[in-house]
1. Looking only at segment 90-102, which residues are surrounded by 13 or more Cβ atoms within 10 Å (Cβ to Cβ) and either more than 21 Å from V68 (Cβ to Cβ) or modelled with pLDDT of 95 or more (or both)?
2. Checking V75 against (1) at pLDDT 90 or above; (2) within 25 Å of F19 (Cα to Cα): exactly one of these is not met. Which one?
3. Where in segment 82-121 are there strands (runs of 3 or more DSSP E), lying wholly inside it, with at least 3 residues that are more than 12 Å from the chain's Cα centre (by Cα)?
4. Return yes when Y117 is touching a Leu at 6+ places or on another chain (Cβ under 6 Å) and closer than 19 Å to V69 by Cβ and no when it is not.
5. Within segment 3-27, work out how many residues are under 19 Å from the mean Cα position of the chain (by Cα) and open to solvent by 70 Å² or more (accessible area, probe 1.4 Å).
6. Can you tell me which residues in segment 122-145 are over 17 Å from the mean Cα position of the chain (by Cα) and open to solvent by less than 50 Å² (accessible area, probe 1.4 Å)?
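The values are calculated or read from the model by the stated rules, or taken from the named source; none is laboratory data. Keep in mind that this is a model prediction, so the values were computed, not measured. Note that each Cβ is placed from the backbone with ideal geometry, even for glycine, and that neighbours are counted across all protein chains shown. Each accessible area value is taken on the protein alone, full model and side chains, heavy atoms only, with ligands, DNA and RNA left out. Shrake-Rupley method; radii C 1.70, N 1.55, O 1.52, S 1.80 Å.
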Amino acid sequence: MADVPCPRCGHPNPPGSNFCASCGNPLGRQQDDTATISFQVDAEAGRGESAADTALTAPEAGNEGMLVVTRGPNVGARIPLTQPLVTLGRHPESAIFLDDVTVSRRHAEISYTGGRYLIRDVGSLNGTYVNRSRVEQRWLDSDDELQIGKFKLVFVAPAEPGSR
């Protein structure tokens, strides 16, 4: 049987693979709103879904923070944080899907509130680390290094002064 090319990165994958071995993108029949190390670009998605989300606001277009993957299968990938709440974990419905057993299904979340980004561990087994220190929650500053399981990501703050 022929290899299955990834629709996102073009990497050839063995037949029967559920996820791309290179970028982690779901293969085969998947809904458009699920992807590996990917994100929703629609600024309206996620607003007003629950009472807990009402205090969060989406960052202004072009003024959002970003995560850059420095360790993991998709090194160099840039992930803009365009939503007021971004979930990270091994669950396929996570906004940032990190497919490795060292990552909990629901590992951490990054929220945007008051012009700043806050990372919060949501009960992971292996912990969430910022600059090599385990944290339950912490405000992010530019160039902070996040470690979630074996993945390392660098947070890049918005370019405009006063936006955090």
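1. H91, P92
2. Among (1) at pLDDT 90 or above; (2) within 25 Å of F19 (Cα to Cα), the lone unmet condition for V75 is (1).
3. 116-121
4. yes
5. Number of matching residues: 2.
6. Residue satisfying the conditions is V135 alone.
One line per residue, one yes/no per condition, for (1) within 20 Å of N74 (Cα to Cα); (2) touching a Lys or Arg at 6+ places or on another chain (Cβ under 6 Å):
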site	(1), (2)
I96	yes, no
T102	yes, yes
R105	yes, yes
Y117	no, no
E136	no, no
L153	yes, no
A159	no, no
